[in-house]
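Below you'll find the structure, written out as structure tokens, and then a few comments.
The values are calculated or read from the model by the stated rules, or taken from the named source; none is laboratory data. Just so it is clear, the structure is predicted and the values come from calculations on it, not from any experiment. FYI the Cβ positions are ideal-geometry reconstructions off the backbone, even for glycines, and counts take in every protein chain you see.
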Amino acid sequence: MEAYGPQHWWPADTSLEVMVGAVLTQNTTWRGVEKAITNLKGSGLLSVDKLYGVDTDKLAGLIRPSGYFNLKARRLKNLIELVITSYGGNLEDMGRKQTNKLRKELLAVKGVGPETADSILLYGFNRPIFVIDTYTRRVLSRHELIGHSANYQKLQDLFMQHLPLNASMFNEYHALLVRVGKHHCKPRPSCRDCPLEPLMP
């Protein structure tokens, strides 16, 4: 935080926009996701009802900048179907569901894995659950805080069992790990001027 300051992440105006972004950001950069979301907004489709009703091929075309657009269109439709069938399209009702139960529902949607589900819970519904991604895994393993073979749950437990369960703090912490991962803890590390460099063994 001293090195980077607040990250103001996730860049979205609504829970729905977070949900859409969480699906679209799978296996791609945020730049492409921003373009895809801009396309959806420009087409007036960034609502639960419109996304539910739009043709999958048309949706795929609009989200093309996010990559894997045909697959992501189907995954997005699967997620929207959950909102429609279980909550009548009402995200406020969805947001009142108990965290563990909502997480199970999200994970049951085809194409929604732990990182996507937890991103929706933390950034979309302000739940104190820590998101694990490639950057987080890389930083932790390189600093020997956890083994290279640790699974998602073990990585998540490391944070959630040792930190206060605070959604705002988890939000900022994860965003800062992403920042250091993008700028320094790359596949080929660039440790010079990294704020974590003095911590290396």
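Quick look at the numbers
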read-out: Pairs with Cβ under 7 Å, 6+ apart, first in region 46-67 and closer than 18 Å to GLY32 by Cβ, second hydroxyl-bearing (Ser, Thr, Tyr); value: LEU62/SER43; SER66/THR28; GLY67/THR28
read-out: Count - residues of region 96-120 that are buried (at least 17 other Cβ atoms within 10 Å of the Cβ) and touching a helix residue (DSSP H, G or I) at 6+ places or on another chain (Cβ under 6 Å); value: 9
read-out: Test set (1) surrounded by 16 or more Cβ atoms within 10 Å (Cβ to Cβ); (2) under 30 Å from LEU165 (Cβ atoms) - ASP93 fails condition number; value: (1)
read-out: Qualifying position, being at pLDDT 95 or above and surrounded by 18 or more Cβ atoms within 10 Å (Cβ to Cβ), among THR38, THR25, THR56; value: THR25
read-out: Sole residue being small (Gly, Ala, Ser), loosely packed, with under 15 Cβ neighbours inside 10 Å, assigned to a helix (DSSP H, G or I) and at pLDDT 95 or above, chosen from GLY44, GLY61; value: GLY61
read-out: Qualifying residue in region 95-113 (condition: in contact (Cβ under 8 Å) with a residue 60 or more places away in the chain, in a helix (DSSP H, G or I), within 21 Å of SER15 (Cβ to Cβ) and in the same structural domain as LEU40 (by TED's automatic domain parsing)); value: yes
read-out: Residue satisfying all of: in region 153-201; assigned to a loop (DSSP other than H, G, I, E, B) and of a type in the set (A, V, I, L, M, F, W, C); farthest from LEU140 (Cα to Cα) among these; value: LEU165
read-out: In region 114-145, the residues that are part of a loop (DSSP other than H, G, I, E, B) and modelled with pLDDT under 95; value: HIS143, GLU144, LEU145
